[in-house]
Amino acid sequence: MHKLLSQILKINSLHCPKVYGKVIVPYKIRDFSTSGTMFKSAVFNLQEASKDQVQEFLDSFDTVLTDCDGVLWIDNNAIAGAADAMNYFRKLGKKIFYVTNNSTKIRSEFALKATQLGFIASPEEILSTAYLVAHYLKGIGFTKKVYLLGSNGIGEELKAVGIRHYGVGPDHVKPDFKSMQPSELDPEVGAVVVGFDEHVSYPKFMKAASYLASEECLFIATNTDERFPKAGSIVVPGTGTLVRAVETCSERKALVLGKPHSYVRKYLESCGLNPARTLMIGDRCNTDIELGVRCGFQTLLVMSGVTNIKELEKLRTDKTPPLPDVVLPKLGDLLTLIQP
Ligand SMILES: [Mg+2]
């Protein structure tokens, strides 16, 4: 009976919150159904929680959305314990989505990489920005060609939905590079897409900005992450670097599709998630945690990627949003908290 009542209240809270608000329920049941807010923006170190609190936290979500770079892996190396934690969520029956701003791979390649690193993953569970670009352009009925300042990941996803593109790979700088002629531009191009491009060059910026000189040409970016997570002191500039460069020389603003912007949000909302019972895990506040806060998800910040301890302390002191609900040194530490 207790379980049934709890279930009814959960259904009411899902579909009809006002009705739930008027129901007087015993404290224990009410506590369970609102447990998703127990750490709201508290930047709470989950390692300091009691075993009961950790269990309550685990019970408080049905869907897990996780960032990849800096949470699950760095480059081609899995972060210790991350696969065990993700696979444990799956064992508990949680629905899983890998939500990455990385645009360098198609969904099946991400799933393969995840599997090789010990994660259980299928292409349908991957939401990457390369996929979002194709999904967006297909959705608006785009039929022209894309000038792609990006990688094969986006190119392949575009191809899969029948959208033509060019631009992937090196575009070498010639000694007389400033003498580019309008005849070198493809009149069929109707959109410039900027993602991560390791072959970025001055001629590519010239072409992108020249296409964007036409107001009808769409300007789309995968994401604006400043840098990639990297062990050690080497900084690897992220896609945001390229987006800002093209925005500067085109004097236009890109429509950004990845975290934390509205397109990825609408896509996730269309998946029918219950925001209060969804957990977003990330290593970056201005993308992952921001997305979680904007969507009303619970949020977990891990310190295994771009956010360092000094920045975490600053978050706690300044209390500048977006603030994560809970934090852990790394995702794998979750499992040590529930061991008897
Ligand atoms: Mg990350």
Failed criterion for LYS174 (all others in (1) within 22 Å of TYR263 (Cβ to Cβ); (2) among the charged types (D, E, K, R); (3) touching a Pro at 6+ places or on another chain (Cβ under 8 Å) hold): (1)
Close pairs from segment 45-70: first farther than 14 Å from THR278 by Cβ, partner among the polar types (S, T, N, Q) and more than 16 Å from the ligand (Cβ to nearest atom), Cβ under 6 Å, at least 6 apart: GLU56/SER35
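Can you confirm whether segment 216-233 contains a residue that is in a loop (DSSP other than H, G, I, E, B), among the charged types (D, E, K, R), within 13 Å of the ligand (Cβ to nearest atom) and in contact with a Leu (Cβ under 7 Å, 6 or more places away or on another chain)?
Kept after step one, since they are in a loop (DSSP other than H, G, I, E, B), are these residues of segment 216-233: 216-217, 222-226, 229-233.
Pick out the ones that are also among the charged types (D, E, K, R) and you get 216, 225-226, 230.
Now restrict to residues that are within 13 Å of the ligand (Cβ to nearest atom): 225-226, 230.
Right, trim to in contact with a Leu (Cβ under 7 Å, 6 or more places away or on another chain) and you get none.
No; the residues of segment 216-233 include none that is in a loop (DSSP other than H, G, I, E, B), among the charged types (D, E, K, R), within 13 Å of the ligand (Cβ to nearest atom) and in contact with a Leu (Cβ under 7 Å, 6 or more places away or on another chain).
Restricting to segment 294-325, count the residues that are acidic (Asp, Glu), more than 16 Å from the ligand (Cβ to nearest atom) and either under 15 Å from the mean Cα position of the chain (by Cα) or more than 20 Å from LEU279 (Cα to Cα) (or both).
First, the residues of segment 294-325 that are acidic (Asp, Glu): 311, 313, 318, 325.
Those still in the list that are more than 16 Å from the ligand (Cβ to nearest atom) too: 313, 318, 325.
In the following step, the residues that additionally are either under 15 Å from the mean Cα position of the chain (by Cα) or more than 20 Å from LEU279 (Cα to Cα) (or both) were identified as 313, 318.
Final tally of qualifying residues: 2.
Examine segment 261-272 for a residue that is within 16 Å of the ligand (Cβ to nearest atom) and outside the structural domain of ALA83 (by TED's automatic domain parsing), and state whether such a residue exists.
Restricting attention to segment 261-272, the residues satisfying the condition of being within 16 Å of the ligand (Cβ to nearest atom) are 261, 264.
Next, only the ones that are outside the structural domain of ALA83 (by TED's automatic domain parsing) stay: 261, 264.
Yes; the residues of segment 261-272 include at least one that is within 16 Å of the ligand (Cβ to nearest atom) and outside the structural domain of ALA83 (by TED's automatic domain parsing).
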Filtered residues of segment 121-177 (kept if within 19 Å of TYR267 (Cα to Cα), surrounded by fewer than 23 Cβ atoms within 10 Å (Cβ to Cβ) and β-branched (Val, Ile, Thr)): ILE140, VAL161
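When segment 180-200 is examined, which residues are found to be part of a loop (DSSP other than H, G, I, E, B) and modelled with pLDDT of 95 or more?
Taking segment 180-200 first, the residues part of a loop (DSSP other than H, G, I, E, B) are 180-181, 185-188, 195-200.
Of everything in segment 180-200, those that are part of a loop (DSSP other than H, G, I, E, B) and modelled with pLDDT of 95 or more turn out to be LEU185, ASP186, PRO187, GLU188, GLY195, PHE196, ASP197, GLU198, HIS199, VAL200.
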Residues located in segment 300-340, provided they are in contact with a Phe, Trp or Tyr (Cβ under 7 Å, 6 or more places away or on another chain) and among the charged types (D, E, K, R): ASP325
Residue within segment 268-282 that is farther than 30 Å from LEU92 by Cβ, modelled with pLDDT under 95, polar (S, T, N, Q) and outside any loop (DSSP other than H, G, I, E, B) present: no
Test set (1) assigned to a strand (DSSP E or B); (2) touching a Lys or Arg at 6+ places or on another chain (Cβ under 6 Å); (3) not polar (S, T, N, Q) - TYR131 fails condition number: (1)
Considering residues of segment 228-251 that are in contact with a strand residue (DSSP E or B) (Cβ under 6 Å, 6 or more places away or on another chain) and surrounded by 15 or more Cβ atoms within 10 Å (Cβ to Cβ) only, the residue farthest from LEU72 (Cα to Cα): VAL246
Flag for LYS204 being at pLDDT 95 or above, more than 16 Å from the ligand (Cβ to nearest atom), touching a strand residue (DSSP E or B) at 6+ places or on another chain (Cβ under 6 Å) and assigned to a helix (DSSP H, G or I): yes
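Suppose we filter ASP75, ASP67, ASP84 for residues that are within 15 Å of VAL302 (Cβ to Cβ) and within 15 Å of the ligand (Cβ to nearest atom); which single one remains?
Details: ASP75 fails: within 15 Å of VAL302 (Cβ to Cβ); ASP84 fails: within 15 Å of the ligand (Cβ to nearest atom).
Matching residue, one of ASP75, ASP67, ASP84: ASP67.
The values are calculated or read from the model by the stated rules, or taken from the named source; none is laboratory data. What you are looking at is a predicted structure, and each value in this text was computed from that prediction instead of being measured. Every residue, glycine among them, receives a Cβ derived from its backbone with ideal geometry; neighbour counts consider all protein chains shown.
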